[in-house]
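Structure, as structure tokens:
The values are calculated or read from the model by the stated rules, or taken from the named source; none is laboratory data. Just so it is clear, the structure is predicted and the values come from calculations on it, not from any experiment. FYI the Cβ positions are ideal-geometry reconstructions off the backbone, even for glycines, and counts take in every protein chain you see.
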Amino acid sequence: MNNNYSWRLQDHFMNSLGNFDAVITEFNPDQFWQGRVMVHCLNKKDIPLIPKMIDHKNGLIIVYNQSESKPFQLLLSNASSMFVVNGRLRFVNEKTGMMAQDNAPGGNVIFSFSEKDSLALKKSGLKGVFVPLKI
């Protein structure tokens, strides 16, 4: 897995969602995505990750629960399903393995773009609510 920032989701959280070929935590217009990816789109400057993920359609993207925002609405209209995470997430520093001192500043939602990834969300055992978006 590659991480571009030093913060990532906790291992138990990632493991419950299956294997990923890459973890994308920062927008890089030159980066080629191959295989199943977990995309962390948690900074305003990383919003271009959303259309890239919509085109890629293989993996999951985690965002803050800002349902009124245009990026969130774009995800709602293109994703196969979403999973509203119960509670606030905490992230781990990739380099040190230390847990962040503070929780995420807001709630999170994970979007999927394929039947396989929707099933992974639904069967993850994570606390939250699974919502199918496309039938």
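Points to keep in mind about this one:
- If only residues of region 69-98 that are of a type in the set (Lys, Arg) and in contact (Cβ under 8 Å) with a residue 40 or more places away in the chain are counted, the one that is farthest from Asp11 (Cα to Cα) is Lys95.
- Test: residue in region 55-66 that is surrounded by 14 or more Cβ atoms within 10 Å (Cβ to Cβ), modelled with pLDDT of 90 or more and in contact with an Asp or Glu (Cβ under 7 Å, 6 or more places away or on another chain): yes
- Across region 47-78, the number of residues qualifying as in a loop (DSSP other than H, G, I, E, B) and under 12 Å from the mean Cα position of the chain (by Cα) comes to 2.
- Scanning region 1-20 for residues that are within 21 Å of Lys116 (Cβ to Cβ) and either modelled with pLDDT of 85 or more or buried (at least 17 other Cβ atoms within 10 Å of the Cβ) (or both) returns Leu9, Phe13, Met14, Asn15, Ser16, Leu17, Gly18, Asn19, Phe20.
- Pair list, Cβ < 7 Å and 6+ apart or interchain, from region 37-57 residues that are free of Cβ contacts under 8 Å to residues at least 40 places away in the same chain to residues that are of a type in the set (Ser, Thr, Tyr): His40/Thr25
- Consider region 32-49 and keep the residues that are over 22 Å from Val85 (Cβ atoms) and either modelled with pLDDT of 90 or more or among the hydroxyl-bearing types (Ser, Thr, Tyr) (or both). The one that is surrounded by the most Cβ atoms within 10 Å (Cβ to Cβ) is Trp33.
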